[in-house]
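J.: Below you will find the structure I want to go over with you.
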Amino acid sequence: MQELVEYLVGKLVDDKSSVKVEVNGDVVNITVSKEDMGKLIGKQGRTAKALRTIVKAAGAKEGRNYTVEMTEI
């Protein structure tokens, strides 16, 4: 799951070195730089919603229910 999220978020942001993804149980923590937070959220939260949908679908395939949390540095 971590590799999938790192790949997707890496394609969305400009500063790929600031991307940190941690999976703690059923929680996926995504940390990006302050400048890239808007790109991760997207217009009206559409990009964030799509990312959460993908993570939920991939988690369902594994039999897990993941929650996505996004923070900035």
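The values are calculated or read from the model by the stated rules, or taken from the named source; none is laboratory data. This structure is a prediction, so every number in the text was calculated from the model and none was measured. Using ideal geometry, Cβ is built from the backbone for each residue, glycine included, and neighbour counts are taken over all protein chains shown. Ligands, DNA and RNA are stripped out before the accessible areas are found, and what is left, the full protein with its side chains, is counted by its heavy atoms. Shrake-Rupley method; radii C 1.70, N 1.55, O 1.52, S 1.80 Å.
J.: Excluding ligands, DNA and RNA, what is the solvent-accessible area per residue of the chain at a probe of 1.4 Å, expressed in Å²?
T.: Accessible area per residue: 65 Å².
J.: Sort THR31, THR71 from largest to smallest accessible area, using a 1.4 Å probe on the heavy atoms of the protein chains.
T.: THR71, THR31
J.: Ignoring ligands, DNA and RNA, what percent of the accessible area of the chain is carbon or sulfur (1.4 Å)?
T.: Result for the chain: 51 percent of the exposed heavy-atom area is carbon or sulfur.
J.: Once a ≥ b ≥ c are taken as the square roots of the eigenvalues of the Cα gyration tensor of the chain, is the result rounded (a/c under 1.5), prolate (a/b larger than b/c) or oblate (a/b not larger than b/c)?
T.: Because a/c hits 1.5 or more and a/b exceeds b/c, the chain counts as prolate.
J.: Identify, among GLY10, LEU51, VAL23, the residue whose Cα sits farthest towards the positive end of the charge dipole of the chain, taking +1 on the Cβ of Lys and Arg and -1 on the Cβ of Asp and Glu, with the dipole about the Cα centre.
T.: Going by the Cα projections, it comes out as LEU51.
J.: Hey, another quick one. Treat every Asp and Glu Cβ in the chain as -1 and every Lys and Arg Cβ as +1, leave all other atoms uncharged, and give the resulting dipole magnitude about the Cα centre to the nearest 20 debye.
T.: That gives a dipole near 400 debye.
J.: List the pairs from LYS16/LYS61; LYS39/LYS61; LYS16/LYS39 whose alpha-carbon separation is above 19 Å, in the order I gave them.
T.: Violating the 19 Å Cα-Cα cut-off are LYS16/LYS61; LYS39/LYS61.
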